[in-house]
Ligand code: TXA
Ligand code: MG
C-alpha cells in the first residue's frame, strides 16, 4: 500500500511542479532549447523573475497569457542583451539613447516607436505601434538571452493577481504546474518591477515607478518628467491610460451571420456561416474571411488576433463581424480586447 501511495505522491508532485534548475551550462542549454521550440521558461532578473517566451513567436507569447490567466492582453516588455539589439526592434531618439546609455543594463523599460516588420509578434505589443524594451543587468538573465538568440517577451512569472515572484520557489508556487523549468539564481536583488518610461512621444512619461526614479531620469534629460503611474490610485486623465489598439472598421461581436459589406473574423468552423441575403461566408471575396483558429484553439486564436484585425481593417469592409468566442480560458482576454475595440 505504502509503495502505491508514494508513487501517487511522486506523480502528483511531478504534475504540480516545474523543475527548478540552478544555473549551469546544461540548464541554460535546456532553457534555450525550450524557448526555441516555442515553450515558456521562468528566469531570474534583477527586478523580479520573468516568464519568458520568444517574442517573435505568437503562439509562444499566447502561452504566457494562458499560463498567467491574465484576463486581458496588456503589452509585454521585450528583453534584449544590449541597446544595439534593442535598436533592431525600436526607433531610439537621441534622448531615448541617452537614457539607455545611462541606465542599461538595469531595471528600466523604455517605450519607443516599434520598427515596422521587425519580427516581434503583435501580441507582445498588443497591436500598438510602440514597444517596451529592457536590457536586464542580471548575469543569468544575460546568459539566458545569449543562449536563446532571440528577444524574450516576459511579464513577471506569477499568476495574474498574485504577488510578483522574487525567487524560484515563488515562481514554482504560482506557476509550477504551467511551466517545465524555472532557471534559479537566488533572490531578485531589487524585488520590484522595472520602471517603465515612455519615450515614444514628444514628452517623456513615467508610466510605472521602480528603482530608477523620475528624478534620476530628469537629471539625464535636463527636464521634468511627468508621472503617470498605473499603480497610483489617483484619478487619471484619458491621456494617462494605456492606449489600446482598435481597428478603424467597426466591430460587431457574436455574429451569427455576415451582413452585406462586412468581413468575417471566424473562430472554429465557418462551414455553416451564412451571408445575409444568401450565400456562405466561405465564398466571400478574397481577404474578407479569415479564421482565428479553425480548430477553435484559444492559443492559436490569441496569437492571430491582432495581426488578423490589422488585415481585416485594410480590406475596405463596412464592418468586421466576429463569431462568438467562448468566455473561458484565453477566450476571456480575447473577448476583453474585442469588446474594447467594439466600444472604441
Ligand atoms: O521588472 C519587470 O519589468 C518585469 C521583469 C520580468 O522584466 N516585467 C514586467 O512585465 O513587470 P509586465 O508585463 O508585468 O509589465 C509590463 C508593463 C505594463 O505595465 C504594460 O502596460 C507596460 O509595461 N507596457 C509594455 N509595453 C507598453 C507600450 N507599448 N505602451 C505602454 N505601456 C507598455
Ligand atoms: Mg506583473
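Scanning segment 215-228 finds no residues that are modelled with pLDDT under 95, within 28 Å of residue 334 (Cβ to Cβ) and surrounded by fewer than 16 Cβ atoms within 10 Å (Cβ to Cβ). Scoring residue 24 on the criteria (1) away from ligand 2 (no atom under 16 Å from the Cβ); (2) under 23 Å from residue 166 (Cβ atoms); (3) in contact with a helix residue (DSSP H, G or I) (Cβ under 9 Å, 6 or more places away or on another chain) leaves a single failure, condition (3). Scanning segment 235-248 finds no residues that are crowded, with 19+ Cβ neighbours inside 10 Å, modelled with pLDDT of 90 or more and more than 22 Å from residue 300 (Cβ to Cβ).
In segment 115-136, the residues that are closer than 14 Å to residue 61 by Cβ and touching a residue at least 40 places away in the same chain (Cβ under 8 Å) form Cβ pairs under 6 Å with partners that are assigned to a loop (DSSP other than H, G, I, E, B) and away from ligand 1 (no atom under 13 Å from the Cβ), at six or more places apart or across chains, as follows: 119/56. Number of residues in segment 157-182 that are out of contact with any helix residue (DSSP H, G or I) (no Cβ under 9 Å at 6 or more places or on another chain), more than 13 Å from ligand 1 (Cβ to nearest atom) and in a loop (DSSP other than H, G, I, E, B): the value is 1. For segment 54-94, the tally of residues that are within 24 Å of residue 200 (Cα to Cα) and touching a strand residue (DSSP E or B) at 6+ places or on another chain (Cβ under 8 Å) stands at 15. Of the residues 83, 76, 133, 145, the single one that is within 30 Å of residue 339 (Cβ to Cβ), away from ligand 2 (no atom under 16 Å from the Cβ) and buried (at least 17 other Cβ atoms within 10 Å of the Cβ) is 133.
Assess whether residue 58 counts as being under 25 Å from residue 330 (Cα atoms), in contact (Cβ under 8 Å) with a residue 24 or more places away in the chain and away from ligand 2 (no atom under 16 Å from the Cβ). Yes: the conditions hold for residue 58.
Residue-level check: of (1) surrounded by fewer than 18 Cβ atoms within 10 Å (Cβ to Cβ); (2) assigned to a loop (DSSP other than H, G, I, E, B); (3) within 16 Å of ligand 1 (Cβ to nearest atom), residue 46 misses just (1). Among the residues of segment 183-227, those identified as in contact with a helix residue (DSSP H, G or I) (Cβ under 6 Å, 6 or more places away or on another chain) and free of Cβ contacts under 8 Å to residues at least 24 places away in the same chain are 206, 224, 227.
Please report, ordered by residue number, the helices (runs of 4 or more DSSP H) entirely within segment 62-156 with at least 1 residues that are under 19 Å from the mean Cα position of the chain (by Cα). Helices (runs of 4 or more DSSP H) meeting the threshold: 83-86, 139-148. Here residue 51 clears all of (1) part of a loop (DSSP other than H, G, I, E, B); (2) crowded, with 20+ Cβ neighbours inside 10 Å except the condition numbered (1). State all residues of segment 202-225 that are assigned to a loop (DSSP other than H, G, I, E, B) and out of contact with any strand residue (DSSP E or B) (no Cβ under 9 Å at 6 or more places or on another chain); if no residue qualifies, say none. Those that are assigned to a loop (DSSP other than H, G, I, E, B) and out of contact with any strand residue (DSSP E or B) (no Cβ under 9 Å at 6 or more places or on another chain): 202, 222, 223, 224.
The values are calculated or read from the model by the stated rules, or taken from the named source; none is laboratory data. Computed from a predicted structure; not experimentally measured. All Cβ positions, glycine included, derive from the backbone under ideal geometry; neighbour counts span all protein chains shown.
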